[in-house]
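Novice: My questions will all concern the structure given below.
The values are calculated or read from the model by the stated rules, or taken from the named source; none is laboratory data. All figures in this text were calculated on a predicted structure; none of them were measured in a lab. Every residue, glycine as well, gets a Cβ built from its backbone with ideal geometry; the counts of neighbours run over all protein chains shown.
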Amino acid sequence: MGTKAKNKTQLAYEYMLSRIESGVYGPGYRVVIDQIARELGLSSIPVREAIRQLEAEGLVEFKPYAGAVVSTINENEYVETLSVLAVLEGYATALGSANLKKEAINELERLNERMERALEELELERFSELNYEFHALIYAHCGNAYLEEQIKQIWQRMRRIRLYGFTFVPQRAKASIEEHREIIRLLREQAPAHDIEQYVRQHKLNTAEAFKQRR
């Protein structure tokens, strides 16, 4: 694929992704290739390529007689994905713990304080963004590019439903801030990697458990 074609595919991808994430294209929305191509002034080929990319990330699925539709939010998938993320993030945090300097740990504290303010002001979308930044800063130090890429892909897939999870479990959002404080303490005190891995894994599993028990 040439650079120009790739740029067109990326344009179509970002256009559709932003509408899925913002809810303009809600679950079950039928994605009409020709319509999007017209809106963007593109041929149907890059739009089709972009839809394949969204399908690979689980955001779009092909249904008989309907074509490409935005995937519905599957609660089991949310819990299962969180469980996998728990294992990967626990490991990435343990690896990163040896490489995190004092400045990075101070930045984690600032991010967690901003999360607390976002929660107080009921800015749940902002809370989710800061939560991602908090964990991304840690695993950026893990020294394993493949692991980092896998985690990023899972977060991207979950982007739509992270807010959905926190909306249903407001108390979990508050608890996660406290757990972040403990993660910061473990990192600052250079706790054994095994202890860090176990705590971070449980931190994510707590969100999955709270989501399952929200009713």
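Novice: Select from region 139-180 the residues that are β-branched (Val, Ile, Thr) and modelled with pLDDT of 95 or more and list them in ascending order.
Specialist: The one that is β-branched (Val, Ile, Thr) and modelled with pLDDT of 95 or more: Ile177.
Novice: For Gln213, all conditions in the list (1) at pLDDT below 95; (2) farther than 19 Å from Ala86 by Cα; (3) surrounded by fewer than 17 Cβ atoms within 10 Å (Cβ to Cβ) hold save one; what is the number of the exception?
Specialist: Among (1) at pLDDT below 95; (2) farther than 19 Å from Ala86 by Cα; (3) surrounded by fewer than 17 Cβ atoms within 10 Å (Cβ to Cβ), Gln213 violates only (2).
Novice: Mind counting the residues in region 87-101 that are in contact (Cβ under 8 Å) with a residue 40 or more places away in the chain and more than 18 Å from the chain's Cα centre (by Cα)?
Specialist: Residues flagged as in contact (Cβ under 8 Å) with a residue 40 or more places away in the chain and more than 18 Å from the chain's Cα centre (by Cα) within region 87-101 amount to 7.
Per-residue answers, yes or no, for (1) in contact with a His (Cβ under 9 Å, 6 or more places away or on another chain); (2) basic (Lys, Arg); (3) more than 24 Å from Gln150 (Cβ to Cβ):
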{"residue": "Tyr65", "(1), (2), (3)": "no, no, yes"}
{"residue": "Val69", "(1), (2), (3)": "no, no, yes"}
{"residue": "Val84", "(1), (2), (3)": "no, no, no"}
{"residue": "Ala92", "(1), (2), (3)": "yes, no, no"}
{"residue": "Ser97", "(1), (2), (3)": "yes, no, no"}
{"residue": "Leu100", "(1), (2), (3)": "yes, no, no"}
{"residue": "Leu108", "(1), (2), (3)": "yes, no, no"}
{"residue": "Arg126", "(1), (2), (3)": "no, yes, yes"}
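Novice: What tally of residues in region 57-83 results from selecting those that are surrounded by fewer than 17 Cβ atoms within 10 Å (Cβ to Cβ) and aromatic (Phe, Trp, Tyr)?
Specialist: 2
Novice: With the requirement that a residue be assigned to a helix (DSSP H, G or I) and either surrounded by fewer than 14 Cβ atoms within 10 Å (Cβ to Cβ) or of a type outside the set (Asp, Glu) (or both), what does region 136-151 give you? Write out each step before concluding.
Specialist: Taking region 136-151 and keeping what is assigned to a helix (DSSP H, G or I), we get 136-139, 145-151.
Of everything in region 136-151, those that are assigned to a helix (DSSP H, G or I) and either surrounded by fewer than 14 Cβ atoms within 10 Å (Cβ to Cβ) or of a type outside the set (Asp, Glu) (or both) turn out to be Ala136, Leu137, Ile138, Tyr139, Ala145, Tyr146, Leu147, Glu149, Gln150, Ile151.
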